[in-house]
Amino acid sequence: TGLCAALAIPVGIATALYLEEFARKERWYNRLLDVNIQNLAAVPSIVYGILGLAFIARGPLGWGPTVKTAGLILALLVLPTVIIASREAIRAVPGSLSSGSLALGATKWQTVRKQVLPAAIPGIATGSILSVSRAVGETAPLLLLGGLTFLKQNPTSLDDRYTTVPLMIYSYATSPKAELREIAAASIIMLMILILILNGIAILIRNKFQRRW
């Protein structure tokens, strides 16, 4: 999840800034990029697992069923959502803020960096954290990528095999052993608490910056 966030959030915010502030809407490749982002946001997660299996785990990259493979696929999965949420947050910034900055002699990049981006942080942070919350609970693509349902030791590098809480729940909840079903129930509660904490952080960040701006 950390690798997913480290990849998806910076790339998503940078893409949103480019499309909203710097891209020329009349260029065909910008229109194509815009349409593809909208389409990718609606693609089922299992499709990302199939593509990751074909091109990353086994294909040209050949990374295998490792932590970095899972992190990259989860990042690709939530990237369109991060981009769309960030674009909406940037659009919500009053145009007078940019106009005033440019009128006072600031460059386009200075205006984006010091005026537009700080004012859009509440929406960007909320969308990014909610996207990461989605990645925490994803199971379908990781099953296709060879995620294990049981590990004897913790992964120590990005090239190790991995498991996740949803995969463990998937395995233990159907076990005939009562002890494993109890662990699955406890894991479900822990996962729910983790997602609630992430959502709470998103709300706190949004409220803090909304008061500031």
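Key figures for this structure:
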| read-out | value |
| --- | --- |
| Matching option when the condition is in contact (Cβ under 8 Å) with a residue 40 or more places away in the chain, closer than 30 Å to Gly95 by Cα and assigned to a helix (DSSP H, G or I), among Leu142, Leu117 | Leu117 |
| The one condition in (1) open to solvent by 60 Å² or more (accessible area, probe 1.4 Å); (2) within 18 Å of the chain's Cα centre (by Cα); (3) modelled with pLDDT under 85 that Thr139 fails to fulfil | (1) |
| Residue selected from region 55-84 under the condition at pLDDT below 90 and small (Gly, Ala, Ser), by the criterion nearest to the chain's Cα centre (by Cα) | Ala57 |
| Output for region 5-51, where each listed residue is part of a loop (DSSP other than H, G, I, E, B) and closer than 23 Å to Leu144 by Cβ | Ala41, Ala42, Val43, Pro44 |
| Selection within region 164-187 - part of a loop (DSSP other than H, G, I, E, B) and open to solvent by 50 Å² or more (accessible area, probe 1.4 Å) | Ala173, Thr174, Pro176, Lys177 |
| Of all residues in region 62-71 being touching a residue at least 24 places away in the same chain (Cβ under 8 Å) and of a type in the set (Gly, Ala, Ser), the one that is surrounded by the fewest Cβ atoms within 10 Å (Cβ to Cβ) | Gly64 |
| Residues of region 72-100 satisfying the condition of being part of a helix (DSSP H, G or I), surrounded by fewer than 21 Cβ atoms within 10 Å (Cβ to Cβ) and not hydrophobic (A, V, I, L, M, F, W, C) | Glu88, Arg91, Gly95, Ser96, Ser98, Ser99, Gly100 |
| Pairs where the first residue, in region 14-28, is touching a residue at least 12 places away in the same chain (Cβ under 8 Å) and the second is of a type outside the set (A, V, I, L, M, F, W, C) and open to solvent by less than 40 Å² (accessible area, probe 1.4 Å), C-beta under 8 Å, 6+ apart | Thr15/Ser86; Ala16/Ser86; Ala16/Arg87; Leu17/Ser86; Leu19/Asn30; Leu19/Arg87; Glu20/Arg87 |
| Boolean, Gly147 is outside any helix (DSSP H, G or I), closer than 20 Å to Gly2 by Cβ and either open to solvent by less than 30 Å² (accessible area, probe 1.4 Å) or of a type in the set (Lys, Arg) (or both) | yes |
| Index of the failed condition, Lys152 passing every other in (1) closer than 22 Å to Ile9 by Cα; (2) assigned to a loop (DSSP other than H, G, I, E, B); (3) open to solvent by 60 Å² or more (accessible area, probe 1.4 Å) | (1) |
| Members of region 123-136 that are surrounded by 19 or more Cβ atoms within 10 Å (Cβ to Cβ) and under 10 Å from the mean Cα position of the chain (by Cα) | Gly127, Ser128, Ile129, Ser131, Val132, Ser133, Ala135 |
| Residues located in region 52-61, provided they are in a helix (DSSP H, G or I) and open to solvent by 90 Å² or more (accessible area, probe 1.4 Å) | Phe55 |
| Matching residues, region 10-48, being more than 19 Å from Ala89 (Cα to Cα), at pLDDT 90 or above and open to solvent by less than 40 Å² (accessible area, probe 1.4 Å) | Tyr48 |
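The values are calculated or read from the model by the stated rules, or taken from the named source; none is laboratory data. Because the structure is a prediction, the values reported are computed rather than measured. Cβ atoms come from the backbone with ideal geometry, glycine included; neighbour counts cover every protein chain shown. Ligands, DNA and RNA are stripped out before the accessible areas are found, and what is left, the full protein with its side chains, is counted by its heavy atoms. Shrake-Rupley method; radii C 1.70, N 1.55, O 1.52, S 1.80 Å.
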